[in-house]
Amino acid sequence: MSDSSSSQQTGSPLTVACPQCRTPVVWSPESTFRPFCSKRCHLLDLGAWADESHRIAGETAMDETSIDEMVARMERDLNQQ
Ligand SMILES: [Zn+2]
């Protein structure tokens, strides 16, 4: 029991799986792009997020009018309670 708990601290350095390609990345200051294995994977992930947010922003036509409407509805609900 004591063996299993101590082996985590004295064993090999902590590694994480790259979120993009699942390559094991050593969690150390030298791994600049951790948790990503490389700059490429880091950029790919950023690109995926940007792509997604762009797509969502384009699909949901959330203009100021609908936001005003939503706020007005929330205020009405609050007043009723
Ligand atoms: Zn990677």
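All of the numbers you see were taken from the coordinates with simple rules; none came from a lab. Quick caveat: nothing in here was measured; it's all calculated off a predicted structure.
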Which residues qualify? For Val25, with a placed amide H closer than 5 Å and at least 5 residues away or on another chain, they are Val16, Ala17, Cys18
Residues whose built amide H sits under 5 Å from the amide H of Ser38, excluding neighbours closer than 5 in sequence, are none
